[in-house]
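**Q** Pasting a structure below so you can have a look.
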Amino acid sequence: MMTDLILVLVVLTNLKLLGSSRLGSSIRVVAAQGVMLGLLPILVHVHELSLHFAALAAGTVALKGVVFPWLLFRALREAEVTREVEPYVGYITSILIGLAALATSFWLGGRLPVSTGEPASLLVPSALFSIFVGLFLIVARKRAVNQVLGFLVMENGIYTFGVGVVAELPFLVELGVLLDAFVAVFVMGIAIYHINREFDHIEVNRLDQLKG
Amino acid sequence: MVLLLSRVDRDFSWVGAGSVVIAAVSGCLPAFGVLLHGSVEQLRLPWSVPFGEFFIELDPLSAWFLMPTLVLSALSAIYGVGYLRAWQGRRSLGPSWFFYCLLVLGMMFVLLARNAVLFLMAWELMALASFFLVTFEHERESVRKAGWIYFVATHLGTAFLLVFFLLLGRETGSMDFTVWAEKGVRTHGPANVLFLLAVIGFGTKAGFMPLHVWLPEAHPAAPSHVSALMSGVMIKTGIYGLLRALTFLGVPPLWWGWGLIAIGLTSGGLGVLFALAQHDLKRLLAYSSVEHIGIITMGLGVGLLGVSTDSPVLVVLGFGGGLLHVVNHALFKGLLFLGVGAVLHGSGTREIDHLGGLLKRMPWTAAAFLIGAVAISGLPPLNGFVSEFLIFLGAFQGGVSTGGAVAVPLFMLVAGLALIGGLAVACFTKAFGIVFLGEPRSEHVAHAHEAEWTMRLPMLILAAGCILICLFAPVVVGSLKTVLESMTGLQPLVVDENLAAAISPLSFVVLGTALFLALLAALVLLRRHLLEHRRVETDVTWRCGYAQPTPRMQYTASSFAQPLTDLFGPLLGTRKIISPPRGLFPAEAALKTMTPDFSHEAVYRPVFGRVHEWLSQLQRLQHGKVQLYVLYIAVTLIALLVWELR
């Protein structure tokens, strides 16, 4: 029950991301999504709760709920931007595309030959949906912060997939994924800062001037 | 080894050249033994490359190619010591010698390898090493361009070879040359495809006519001792590869022989015509290499016709003539390139029209060049004659004894080869006459000087080789026996019998040569004796009754060749830019001729231009927009996922 609630919330937060132009609120939404997903393994494996899951959940929540938002807000402050202006795909269109992606995710989730656990009819579709939304954000937005958020959402999707599908995901692999995401966000935060200082903007579409 | 040594250039030169000479001497001995006894030596080592095995073998065919390769490598290396001294101090010579050694190593392994992977690696090693050697003077734009043309050409050739070897591997299930030679390809369809692939792939390296574009670019760009090595022996690896490939392909259909003869006639005829029209000595020699590759190919074509029609006389004389011409061409083309190198070294130019009268200033070089020029024209007292004679003889005998489909191409070959010989004489008369005779045409010649001994010695050895091969022609032709036996599988008796048919007329030629030389010596002595007590005056060469002769009154390279280039104008496409004298008191007039390479102009430039245009459109995909790159990936992944779950 709780699982389904979280997954529905994840889907809703994704749609909210698609329709929002304020970078600050987007960061908060992604942080909230990260916290909810951090709690997910505890709820899925509620019968076999162990130190392992608790540690993982704590780490995920701390990283996604505290460290990442802090890094991104810092980057925002330094770059002095608050809004995404003129995205490639408008917000209404984005939400419509998001709905289409949601439908596709359900269709694909139904056909994907994976042995999901019993409570997780929503798990695979919402995971796929997160991945699609993440990719879409990377493609359709110009601000570098939004790219990072897209990357994080995609990572959340993969994480959801892992939690639901592979029950006994090795601890080390989970830690590895977390570390990956951390390094990525860290590097991108620094990169955003430097891009801004160098070019006075953080619009990724203008990076093509760097091409040889 | 060279790179590890100190950075002093003098050491580089001697160490580099020394190691090549040592390798050549130690490599020649077993090769000679194999040629003498017809035995085969093998070495197999395990090698951790997929499908690869370190399998080398020295059989008579390899040995036959290995001998000139090693000899010319060693001589060119010695020459290079003196030749590169001009760059000493301005340029680190270490890399040049390093790649020289690699090139020699690559050629040796190409000749010895019996595993397709090892062969291709050696082939590439050879190509890369020679690319770096060609671009020795890389600060010059033209040299870099030549280097790239060579690089692209050689890799296109290798692409065909890769397909060739893969197909052969699939047909026989092995990458081993000995297995291929035993099993062969028995069915006609694949054999025809494989033959075409081999002709294009190996022909690019050898320089068959439409594929020859890199030769006139790369040879002038490279340092002279490298040109000598590349033109003398490296392009012959293409011939070797073709011969080796033919041993895998079973009994050839008739059209293979016709095809090779046609290629030979085209390369030979157009090669010598373009050589005639050139103003640059090295370009001239490069086109002449195309011509001689053509002659060798004609020999192979005659041999193949012989195999198809089961006529041993064609086989023995055709292949024999072709193989002997490989050695001969290595000797005299090496000699000529070294000679041109000495001219370039002494005078600083290789434009024929800027030279003249070098005979007096560089007597040794001139004598060596003269011998090379006579030999390359295929005139009787020297070695070029011997091999062309074998091909002539084979074509005549075959043409007379067989009928129809075989006789017609053979007689065409006889006619073509005669024409080529005549044009070659004209071409090298021009080269020698304009460069060495007459009066100096420019300042360049004024301070020309004779080359030092390291450069003279190799030229003299090669010149001596040209003479000796003719004097001992019967012995040399006899030594082809083991190669022909092992390559064609004919009975020793049959080979002997047919070679004897060529040896007996050759003996007369040798006798005639000896008599001629004796007579010449007697005449020289007589002349000296008669002139002993008289006053001998020397005067300007082109006096002709003028009071104020100038060197500009002499024949130029263009005017000497003009009757022939006009005759073959439609084939050559020589462009003339004429500003004729005007008015009653004409002030100035000018004439400029140039002969661009037709296949480069008419085929390669448009084709490559079109390909470039076409591929440039792909650049729209690479626009530097990160979002769209991600979109490509995402769309591809989702499409694949949907495809899979469909």
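The values are calculated or read from the model by the stated rules, or taken from the named source; none is laboratory data. Just so it is clear, the structure is predicted and the values come from calculations on it, not from any experiment. Neighbour counts run over all protein chains shown; Cβ positions are idealised from the backbone, glycine included.
**Q** Is at least one residue of segment B:163-183 within 27 Å of B:Phe55 (Cβ to Cβ), within 25 Å of the chain's Cα centre (by Cα) and among the hydroxyl-bearing types (Ser, Thr, Tyr)?
**A** So far as segment B:163-183 goes, no, none of its residues is within 27 Å of B:Phe55 (Cβ to Cβ), within 25 Å of the chain's Cα centre (by Cα) and among the hydroxyl-bearing types (Ser, Thr, Tyr).
**Q** Name the pairs: first residue in segment B:91-103 and in the same structural domain as B:Leu75 (by TED's automatic domain parsing) and surrounded by fewer than 18 Cβ atoms within 10 Å (Cβ to Cβ), second residue part of a strand (DSSP E or B) and among the acidic types (Asp, Glu), Cβ to Cβ under 8 Å, at least 6 apart or on different chains?
**A** Close Cβ pairs (under 8 Å, with a partner that is part of a strand (DSSP E or B) and among the acidic types (Asp, Glu)) do not exist here.
**Q** Please give the number of the condition B:Val483 fails out of (1) within 30 Å of B:Ala275 (Cα to Cα); (2) part of a helix (DSSP H, G or I).
**A** (1) is the only condition that B:Val483 fails.
**Q** A follow-up question, please. Does B:Val414 fit the bill of being in contact (Cβ under 8 Å) with a residue 60 or more places away in the chain, in contact with a Phe, Trp or Tyr (Cβ under 9 Å, 6 or more places away or on another chain) and β-branched (Val, Ile, Thr)?
**A** When the stated conditions are applied, B:Val414 does not pass them.
**Q** Would you check if there is a residue in segment B:576-593 being under 20 Å from B:Ala426 (Cα atoms), surrounded by 12 or more Cβ atoms within 10 Å (Cβ to Cβ) and touching a Phe, Trp or Tyr at 6+ places or on another chain (Cβ under 9 Å)?
**A** No; the residues of segment B:576-593 include none that is under 20 Å from B:Ala426 (Cα atoms), surrounded by 12 or more Cβ atoms within 10 Å (Cβ to Cβ) and touching a Phe, Trp or Tyr at 6+ places or on another chain (Cβ under 9 Å).
**Q** Starting from segment B:243-266, take each residue that is assigned by TED's automatic domain parsing to the domain that holds B:Ala191 and list its partners that are in a helix (DSSP H, G or I) and among the basic types (Lys, Arg), counting only C-beta distances under 6 angstrom and pairs at least six apart or across chains.
**A** none
**Q** Got a number for residues in segment A:139-162 being within 12 Å of chain B (Cβ to nearest Cβ), more than 11 Å from the chain's Cα centre (by Cα) and assigned to a helix (DSSP H, G or I)?
**A** Filtering segment A:139-162 for residues within 12 Å of chain B (Cβ to nearest Cβ) gives A:139-144, A:146-147, A:150-151, A:154.
Cutting the leftovers down to more than 11 Å from the chain's Cα centre (by Cα) gives us A:139-144.
Still in the list and also assigned to a helix (DSSP H, G or I): A:139-140, A:144.
Looking only at that region, the number is 3.
**Q** Further, regarding this structure: Just the residues that are surrounded by fewer than 24 Cβ atoms within 10 Å (Cβ to Cβ) and among the aromatic types (Phe, Trp, Tyr), please, taken from segment B:60-90.
**A** Across segment B:60-90, the qualifying residue is only B:Trp87.
**Q** Filter segment B:434-466 down to residues that are out of contact with any helix residue (DSSP H, G or I) (no Cβ under 7 Å at 6 or more places or on another chain) and part of a helix (DSSP H, G or I) and give me whichever is modelled with the lowest pLDDT.
**A** Residues of segment B:434-466 out of contact with any helix residue (DSSP H, G or I) (no Cβ under 7 Å at 6 or more places or on another chain): B:438, B:443, B:446-447, B:453, B:464.
Subset that is part of a helix (DSSP H, G or I): B:443, B:446, B:453, B:464.
Details: B:Glu443: 75, B:Ala446: 72, B:Trp453: 84, B:Ala464: 91.
Among them, the one singled out is B:Ala446.
**Q** Checking the structure you have, find out if any residue of segment A:76-84 is within 19 Å of the chain's Cα centre (by Cα), within 14 Å of another protein chain (Cβ to nearest Cβ) and under 18 Å from A:Leu15 (Cα atoms).
**A** Yes, segment A:76-84 contains at least one residue that is within 19 Å of the chain's Cα centre (by Cα), within 14 Å of another protein chain (Cβ to nearest Cβ) and under 18 Å from A:Leu15 (Cα atoms).
**Q** Same structure again: Scanning segment B:589-646 for residues that are part of a helix (DSSP H, G or I) and of a type in the set (Gly, Ala, Ser), which turns out nearest to the other protein chains (Cβ to nearest Cβ)? Write out each step before concluding.
**A** Initially, segment B:589-646 is screened for residues part of a helix (DSSP H, G or I), giving B:598-621, B:626-645.
Of the ones still in play, those that are also of a type in the set (Gly, Ala, Ser) are B:599, B:602, B:609, B:616, B:634, B:639.
Details: B:Ser599: 34, B:Ala602: 34, B:Gly609: 23, B:Ser616: 15, B:Ala634: 4, B:Ala639: 12 Å.
Here the answer is B:Ala634.
**Q** Do we find a residue being touching a residue at least 24 places away in the same chain (Cβ under 8 Å), more than 28 Å from B:Gly250 (Cβ to Cβ) and not acidic (Asp, Glu) anywhere in segment B:486-495?
**A** Checking segment B:486-495: not a single residue is touching a residue at least 24 places away in the same chain (Cβ under 8 Å), more than 28 Å from B:Gly250 (Cβ to Cβ) and not acidic (Asp, Glu).
**Q** Out of the helices (runs of 4 or more DSSP H) lying entirely within segment B:353-404, which hold 3 or more residues that are at pLDDT 85 or above and surrounded by 24 or more Cβ atoms within 10 Å (Cβ to Cβ)?
**A** Passing ranges, in order: B:363-376, B:383-401.
**Q** In this structure, is B:Gln562 in a helix (DSSP H, G or I) and within 14 Å of chain A (Cβ to nearest Cβ)? Talk me through it step by step, then tell me what you get.
**A** Values: in a helix (DSSP H, G or I): yes; within 14 Å of chain A (Cβ to nearest Cβ): no.
It is false that B:Gln562 is in a helix (DSSP H, G or I) and within 14 Å of chain A (Cβ to nearest Cβ).
**Q** Same structure again: Tell me which residues, restricted to segment A:146-165, are closer than 18 Å to A:Leu122 by Cβ and touching a Leu at 6+ places or on another chain (Cβ under 9 Å). Steps first, answer last, please.
**A** The first filter runs over segment A:146-165 and keeps only residues closer than 18 Å to A:Leu122 by Cβ, leaving A:153, A:156-165.
Result: A:Val153, A:Asn156, A:Gly157, A:Tyr159, A:Thr160, A:Phe161, A:Gly162, A:Val163, A:Gly164, A:Val165.
**Q** Given the criteria of a type in the set (A, V, I, L, M), outside the structural domain of B:Gly80 (by TED's automatic domain parsing) and more than 21 Å from B:Met298 (Cα to Cα), does B:Leu462 qualify?
**A** yes
**Q** Can I ask one more? Could you tell me whether any residue of segment A:23-39 is at negative phi and either in contact with a strand residue (DSSP E or B) (Cβ under 8 Å, 6 or more places away or on another chain) or not in a helix (DSSP H, G or I) (or both)?
**A** Yes, that holds for at least one residue.
**Q** Please state which of the following conditions B:Val110 fails to meet, knowing it meets all the rest: (1) surrounded by 24 or more Cβ atoms within 10 Å (Cβ to Cβ); (2) at pLDDT 90 or above; (3) farther than 26 Å from B:Arg170 by Cα.
**A** Among (1) surrounded by 24 or more Cβ atoms within 10 Å (Cβ to Cβ); (2) at pLDDT 90 or above; (3) farther than 26 Å from B:Arg170 by Cα, the lone unmet condition for B:Val110 is (3).
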